[in-house]
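The values are calculated or read from the model by the stated rules, or taken from the named source; none is laboratory data. As the structure is a computational prediction, the values presented were derived from the model and not from experiment. Backbone-built Cβ (ideal geometry, glycine too); neighbour counts: all protein chains shown. The area values use the complete protein model at the heavy-atom level, side chains included, leaving out ligands, DNA and RNA. Shrake-Rupley method; radii C 1.70, N 1.55, O 1.52, S 1.80 Å.
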Amino acid sequence: MIKKVFITAVVLLAVYSIVLKFLPAGLDTDQSQYGENVIKAQNFIYNNRPEETENVIVGTSLSTRIFTDSLGQGFVNLAFSGSTIWDGLRLIKAKAIKPKRVFIENTFLFKNTDYNLTDYVTNGVHSKLKSALPVLLEENQPVGVLKAVLVNQLRGKQNELVIDSTAVNINPEILEIQSEYFVHDYIEENYEYIFTRRLRAELDELLSNGIEVILYEMPLHPDFCSSEVVRRTRVECQKLADEAGIRFITLQNCEFYQTNDGIHLVEHSGLKFTRYLKSKI
Amino acid sequence: MLITFVIYYLAGNLRLQKLILIASSFVFYAWHYPKLLALLCFSILINIITVKLIKNSEGQRRFTYSTLGVVANLLILAFFKYSPLIGKTFFFEDSSIGSFLVSIPLPIGISFFTFQGLSLVIDTFRNDSKTDNLPESNTSLVESITMYIAFFPQLIAGPIVKAYEFLPQINKKYLKDIDWEYCVKKLILGYFLKMVIADNLKDHTFWMQYPYFMELSGLNLMALLFGYSMQIFADFAGYSSIALGLAGLFGYTLRENFMFPYVSASFSEFWRRWHISLSTFLKEYLYIPLGGNRKSKARTYLNLMITMVLGGFWHGAAWSYAVWGAAHGIALAIERWVNDITGFKWPKSLLLIKILFVFASVTLCWLLFRLPQFSEVILYIKQMGSAVFFKGMQDMTSVFFIGMYSLPVLVYHLIYYRRLKFDPLFFKKSEAVGYGVLLFMILVNSGSAGSFIYFQF
């Protein structure tokens, strides 16, 4: 019986590997927020074509709202929901092929990470196995593939994706909770450590590898944009950019953008910000 | 694990096998927090001393020593598990006592190994030296008790093994005696339930937290609650199955901890199928000593309530767990009361409705496990009724994934029914293919690693 069990599993593995070859490219197979992060990180780490990873965006969930494809060829968005820029920067370090330009989001620089995501993708036997056997990659999980195929079928019957531009009413409780980040949580942070040591060290390493670094701001709810934490972060970023000789793309008009919870842009604002970012690079 | 397995079977005698298992169990327990090993050793020491004293005494003294042993075990549990709750409930958190009580860490697995200690003390008291299954020599006694309490497959999340079930099994084990088929099946099923079902559902039920759930549609809220019900089953039944498989590899048989609980047509049946090792423990060591159903009807209902509220508290140091226990206690008491006064026999055609009712009630109660604050539980229930029922594509995606990952659990329960009614040979023949599919899914569709829910208890 045991032999039969293992034979069945191996046969299924082989058959499924063949099935994957016949699936259309670019299927959106992510199943959850964390799963999406893992797929993004794996696609970056295991991609051996330098021309596809020339420009890397490193950000938090805020930057997931950027329409990466609209920025041009060779852009990769390492914006991780529920995580930080430190994960994205570690992935760049772990990859042998370096990008030409790295865009770093400056929101939530004080948030720490446990590096679970990057460790999962870059360390251990399983990551070696996954780099060798695509059938084991998260983006090829049968349930995610099934979802993608079904969504494709449904989308095929509809017109192009329509971006809704209606105004959004933010739940006041959610806004109140988000405001904690800007009003209380980060007011007493060690700015000096972040800007003169931690982020500075990361910048120096990227620059020493011949990588162009650009800092950028994401739009927030107008109340947060004018908060003490955001203003001070902006000043420190500008100072750091001047010292390191890099660019810092600032944003003065948060009221032109809409968020659904105070920090995450709604789709039409995401598109607006993408156009703004593109015009600056 | 592999190293332990190899040297365990290379060891020439029982004593060496016991020492190897004890050493590996200690390493396993101390892996993340070595300091906590001292507490485990202290708990074991208390039980060794108590058992020795009980065995060497007669009459009233025997009773006194066993009472002291029970109290010592309960004090250890109370101090480490309930101090933060006492601190939060009765003291200002910024007072010195309050902050001290709140800062006491919860050692992993403490609820499980102290209950095993209780079982050992009570069983030793109930039996004489001929029937207590304990060796006479001091060294052997220490080794056997240490191994019983620290046995790594079930040390941190059960099943809770009773002394009378485990101690008779301590004898020399041989590689040829391993039931490989049983162990492989248990391990594959366990890892499938944990890694494919629970770990994937976890990434969706994450959104049941406050305030995230405030933004969700009624459909999504219901789907998530259903998904959490499936997740908690898959998580815990998965761990139990892995524990059974691992114990089997070392020659020990642990009792089944789950028997298709979601097919239960009554609350009492649910508790005969869910976390069986805990429910039988509570029945044997709490409900029956309280008088069980041997006294008046009112006393029986009260005993049920006491047992379930304490059972709820066993799960965690929060009032929501007590409410969860009380809810089950009330359901059990009402069910018994209805049976007592009416003697009504439900027609078989209504069986499915009864199953759905019990499942829905049990699932609703899991909210008390998922949300730490009672106010959040109420808010969640209110939101289910008042939020917009359907908000678009995101709802469809959520329902799709929860449905897909819940499906195997539903099929698992369905198989139980089919087995009752159809030729078991059919299932025997297709079993290998079924387990092959599960193994394939473990390889290609596992979710992100997450702690077992029951580790926190």
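Would you check if B:LEU16 is over 25 Å from B:LYS173 (Cα atoms) and among the aliphatic types (A, V, I, L, M)? Against the criterion (over 25 Å from B:LYS173 (Cα atoms) and among the aliphatic types (A, V, I, L, M)), B:LEU16 does not qualify. If you go through segment B:420-457 and keep only what is touching a Phe, Trp or Tyr at 6+ places or on another chain (Cβ under 6 Å), more than 8 Å from every other protein chain (Cβ to nearest Cβ) and either surrounded by fewer than 13 Cβ atoms within 10 Å (Cβ to Cβ) or at pLDDT below 90 (or both), you end up with B:PHE452, B:TYR454. Looking at segment B:89-123 only, could you name the residues that are assigned to a helix (DSSP H, G or I), aromatic (Phe, Trp, Tyr) and loosely packed, with under 15 Cβ neighbours inside 10 Å? B:PHE90, B:PHE100, listed by residue number.
For segment B:197-213, a residue qualifies if it is more than 21 Å from B:MET259 (Cβ to Cβ) and not aromatic (Phe, Trp, Tyr), and the qualifying residues are B:ASP199, B:ASN200, B:LEU201, B:LYS202, B:ASP203, B:HIS204, B:THR205, B:MET208, B:GLN209, B:PRO211. Of all residues assigned to segment A:48-59, at least one qualifies as being in contact (Cβ under 8 Å) with a residue 40 or more places away in the chain, more than 25 Å from A:VAL266 (Cα to Cα) and open to solvent by less than 30 Å² (accessible area, probe 1.4 Å).
Conditions (1) part of a loop (DSSP other than H, G, I, E, B); (2) closer than 15 Å to A:VAL135 by Cα, marked per residue:
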position	(1), (2)
A:PHE6	no, no
A:VAL15	no, yes
A:LEU20	no, yes
A:ALA25	yes, yes
A:GLY35	no, no
A:ILE39	no, yes
A:ASN47	yes, no
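Residues of segment A:122-144 that are within 21 Å of the chain's Cα centre (by Cα) and within 16 Å of A:LYS21 (Cα to Cα): A:LEU137, A:GLU138, A:GLU139, A:ASN140, A:GLN141, A:GLY144.
If I filter segment A:139-150 for residues that are open to solvent by 70 Å² or more (accessible area, probe 1.4 Å), at pLDDT below 80 and not in a loop (DSSP other than H, G, I, E, B), do I get at least one hit? No, segment A:139-150 contains no residue that is open to solvent by 70 Å² or more (accessible area, probe 1.4 Å), at pLDDT below 80 and not in a loop (DSSP other than H, G, I, E, B). Residues that are within 20 Å of the chain's Cα centre (by Cα) and open to solvent by 70 Å² or more (accessible area, probe 1.4 Å) within segment A:254-281 comprise A:GLU267, A:LYS272, A:ARG275, A:LYS278, A:LYS280, listed in sequence order. When you scan segment B:175-198, do you find a residue that is more than 9 Å from every other protein chain (Cβ to nearest Cβ) and within 30 Å of A:ILE170 (Cβ to Cβ), even just one? No, segment B:175-198 contains no residue that is more than 9 Å from every other protein chain (Cβ to nearest Cβ) and within 30 Å of A:ILE170 (Cβ to Cβ).
One residue stands out in segment A:102-129 among those that are charged (D, E, K, R) and farther than 16 Å from A:ASN77 by Cβ: the one that is modelled with the highest pLDDT, namely A:ASP119. Just one of the listed residues (A:LEU251, A:LEU240) is buried (at least 18 other Cβ atoms within 10 Å of the Cβ), in contact (Cβ under 8 Å) with a residue 24 or more places away in the chain and farther than 23 Å from A:PHE75 by Cα, namely A:LEU240.
Only one of the numbered conditions (1) more than 10 Å from chain B (Cβ to nearest Cβ); (2) surrounded by fewer than 22 Cβ atoms within 10 Å (Cβ to Cβ) is not met by A:LYS40, and that is (2). State whether one or more residues within segment B:55-68 are among the aliphatic types (A, V, I, L, M) and surrounded by 20 or more Cβ atoms within 10 Å (Cβ to Cβ). No, the conditions are met nowhere in segment B:55-68.
Every residue, every condition in (1) surrounded by fewer than 22 Cβ atoms within 10 Å (Cβ to Cβ); (2) of a type outside the set (A, V, I, L, M, F, W, C); (3) part of a loop (DSSP other than H, G, I, E, B), yes or no:
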{"site": "A:SER70", "(1), (2), (3)": "yes, yes, no"}
{"site": "A:GLN73", "(1), (2), (3)": "yes, yes, yes"}
{"site": "A:GLY82", "(1), (2), (3)": "yes, yes, yes"}
{"site": "A:LYS93", "(1), (2), (3)": "yes, yes, no"}
{"site": "A:PHE110", "(1), (2), (3)": "yes, no, yes"}
{"site": "A:ASP119", "(1), (2), (3)": "yes, yes, no"}
